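What follows is a short report on a single structure.
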Amino acid sequence: MLSRIRGFTLIEILVVLVIISIITAVAVLSLGSLGGNSAAKHAAEQLADLTDLASQQAVMRGQQYGLRIAPHGYTFLLYNGHDWSPIQNDDLLRARQLDNSVTLSLQLEGTPITLPSKGQHTAETDDSIMDTGKPELKPQIMLLSSGEITPFKISVRDAGQNPSYTITGDLLHGIQLVPPGTHSGS
């Protein structure tokens, strides 16, 4: 007598696959939250990539680019031969406002720079008010068509006490993203 061999039904297989999918999704989400510093990491990666792109475009297009850093955002500027203005009609190099939980700080040639908050005038802008009554924008970091870069270090930190990501730039090493706990080559 042959005994009847019972297999799995399609429904049973599908139920097992759904359960495995749910467990996998929960595991992936929990691993993503272990990073803890993901907003700062994303902001640092994006700023480093965009700054490198602007530097390359400056050389390829023969134009002078600049970068203006604020505590919670940054703006790429373009020099038109007379003054600096924010880059218009470019989705990649548009001005960016970061989440309030992410803070930027800047050092130029090893000197910490006090960053103006939004709408705040500094001595630099007060001296350069044009006939329009508006302060003239000036970049803190220059990305020149000759390939030269103002030596800088930007720290990107989240609201917690997590270590910061660092973006460095100089003529010798170019623009680098340095994860927390490591040192750059510059």
Among all residue pairs at least 6 apart or on different chains, which show Cβ distances below 6 Å where the first residue, located in the stretch 85-110, is part of a loop (DSSP other than H, G, I, E, B) and the second is exposed (fewer than 13 other Cβ atoms within 10 Å of the Cβ)? 101/159
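Every residue, every condition in (1) more than 24 Å from residue 44 (Cβ to Cβ); (2) in contact with a Phe, Trp or Tyr (Cβ under 8 Å, 6 or more places away or on another chain), yes or no:
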| site | (1), (2) |
| --- | --- |
| 61 | yes, no |
| 65 | no, yes |
| 69 | no, no |
| 75 | no, no |
| 82 | yes, no |
| 88 | yes, no |
| 104 | no, yes |
Out of the residues in the stretch 134-157 that are farther than 23 Å from residue 55 by Cα and modelled with pLDDT under 85, which is farthest from the chain's Cα centre (by Cα)? 134
Kindly indicate the residue of the stretch 158-173 that is under 15 Å from residue 45 (Cα atoms) and among the small types (Gly, Ala, Ser) and also modelled with the highest pLDDT among those meeting that condition. 169
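The values are calculated or read from the model by the stated rules, or taken from the named source; none is laboratory data. Small disclaimer: the values here were computed from a predicted structure and weren't measured. Methodologically, a virtual Cβ is constructed for each residue, glycine included, from the backbone with ideal geometry; neighbour enumeration extends over all protein chains shown.
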